[in-house]
Amino acid sequence: MLYTDSLAANLQPWLDRLRNGDPLTLTRAITTVENRSPGWSELLKAAFPQTGHARILGLTGAPGAGKSTLVDQLAKQYRKQNQTVGIIAVDPTSPYTGGAILGDRIRMQDHFSDPGIYIRSMATRGSLGGLARATADVATVLDASGRDLVMIETVGVGQDEVDIVRVADVTIVILVPGMGDDVQSIKAGIMEIADIFVINKSDREGADRVEREIRALQSLAIRSDRWTPTIVKTVATEGTGVPELVAAIADYQTYLEEANLTLQRRVENWQERLVEMLRDALLEKARSQFVDGSVARYAAEVAEHKRDPYTLVEEIVGKMGKTA
């Protein structure tokens with residue numbers, strides 16, 4: 001594990017090994033960032049200038065949609081093009097250990113011997129929105145390691161799974177036949193973040209109906225970038241439709257570049273991420289204002305109506321301003 005003293009003394013060699021894709025360095029760097037271990041902030045600050053080259057794909061959808069299998073097949077396609085791939089699989093948190101339930105890594109074990117593919121499972125650790133809190137930072141580390149492509153597979157929590165749009169260059173929403181009216185019911189959530197729709201398990205009855213429902217939803221509104229998300233049918237277990245999905249991803253990226261929207265999209269994403277980063281930083285600073293047991297004491301005072309929570313919060317924020 002990296003520590004602040006060793007990191008500060010050997011930062012450039014670490015960055016050099018990271019940029020060269022050394023797997024041990026990459027693993028240690030990701031562990032440091034994910035666990036917020038000493039030196040994590042310095043590492044990200046130093047690595048950031050090396051980023052911005054990788055394409056980041058986000059794959060989201062309900063549990064059982066076949067996200068892991070599709071990621072596995074996409075990785076194979078991109079490796080055929082001699083592109084290096086990093087995969088972040090955001091898994092549910094184990095209720096016993098707090099760690100990730102490593103189902104996705106087990107399903108992708110065929111790639112373990114390929115140095116061109118790096119797979120990392122992350123536990124959600126209670127984070128909402130389908131992403132672990134440090135997922136974006138881990139994607140930054142993978143980008144800095146020289147990966148051509150970073151794929152983020154979300155945990156599969158349904159409509160709340162919209163955080164991925166703040167991180168990914170291309171967001172892929174995966175649906176399966178048999179959802180029926182569920183497509184209508186989730187239109188206010190993940191349906192609107194899709195740059196590409198994938199109807200997986202399309203050999204099942206009802207695939208054409210899902211496609212019609214998607215097209216009906218698309219006719220109700222025009223996106224600000226005037227892109228109409230492509231619909232691709234796949235059978236991931238057989239690799240059917242995966243080359244077409246790779247082509248659809250390339251088409252969308254070409255569209256963004258030709259319309260000069262690539263930078264605009266990244267600016268919009270960073271607006272959201274900066275607000276989120278500020279919120280996390282301010283929350284940590286607010287927590288530092290509490291001494292042991294003070295939260296429980298404040299909560300008891302509010303519950304007993306000895307003081308109101310609004311004045312209390314104002315006082316805490318005021319103290320933060322004085323110590324800034």
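The values are calculated or read from the model by the stated rules, or taken from the named source; none is laboratory data. Just so you know, these numbers come straight off a predicted model, no measurement behind them. All Cβ positions, even for glycine, are placed from backbone atoms using ideal geometry, and neighbour counts span all protein chains on display.
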Original post:
Taking the condition surrounded by 12 or more Cβ atoms within 10 Å (Cβ to Cβ) and of a type in the set (Ser, Thr, Tyr), does Ser219 pass?
Top reply: no
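Listed here are the residues, each with its yes/no results for (1) touching a strand residue (DSSP E or B) at 6+ places or on another chain (Cβ under 8 Å); (2) at pLDDT 85 or above; (3) surrounded by 13 or more Cβ atoms within 10 Å (Cβ to Cβ).
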| position | (1), (2), (3) |
| --- | --- |
| Leu43 | no, yes, yes |
| Val71 | yes, yes, yes |
| Ala75 | yes, yes, yes |
| Arg79 | yes, yes, yes |
| Asn82 | no, yes, no |
| Thr97 | no, no, no |
| Leu102 | yes, no, yes |
| Arg105 | yes, no, yes |
| Met108 | yes, no, yes |
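Regarding segment 214-227, can at least one residue be identified that is under 20 Å from the mean Cα position of the chain (by Cα), modelled with pLDDT of 80 or more and either in the same structural domain as Asp148 (by TED's automatic domain parsing) or closer than 26 Å to Arg55 by Cβ (or both)?
Within segment 214-227, none of the residues are under 20 Å from the mean Cα position of the chain (by Cα), modelled with pLDDT of 80 or more and either in the same structural domain as Asp148 (by TED's automatic domain parsing) or closer than 26 Å to Arg55 by Cβ (or both).
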Subject >> Number of positions in segment 237-288 that are polar (S, T, N, Q), under 30 Å from Gly321 (Cα atoms) and exposed (fewer than 12 other Cβ atoms within 10 Å of the Cβ) >> reply: 2
Original post:
Checking Thr60 against (1) over 28 Å from Glu192 (Cα atoms); (2) among the polar types (S, T, N, Q); (3) at pLDDT below 90, which test does it fail?
Top reply: (1)
Original post:
Among the residues of segment 265-277, is any more than 22 Å from the chain's Cα centre (by Cα) and more than 30 Å from Arg204 (Cα to Cα)?
Top reply: no
**OP:** Take segment 47-56 and flag every residue that is of a type in the set (A, V, I, L, M, F, W, C) and buried (at least 18 other Cβ atoms within 10 Å of the Cβ).
**Re:** Ala47, Ala54, Ile56
Original post:
Which of the residues that make up segment 224-277 are free of Cβ contacts under 8 Å to residues at least 12 places away in the same chain and of a type in the set (A, V, I, L, M, F, W, C)?
Top reply: Ala247, Ala250, Leu263, Val267, Trp270, Leu274, Val275, Met277
**OP:** May I ask you to verify whether Leu142 is modelled with pLDDT of 90 or more and either part of a helix (DSSP H, G or I) or closer than 26 Å to Met277 by Cα (or both)?
**Re:** yes
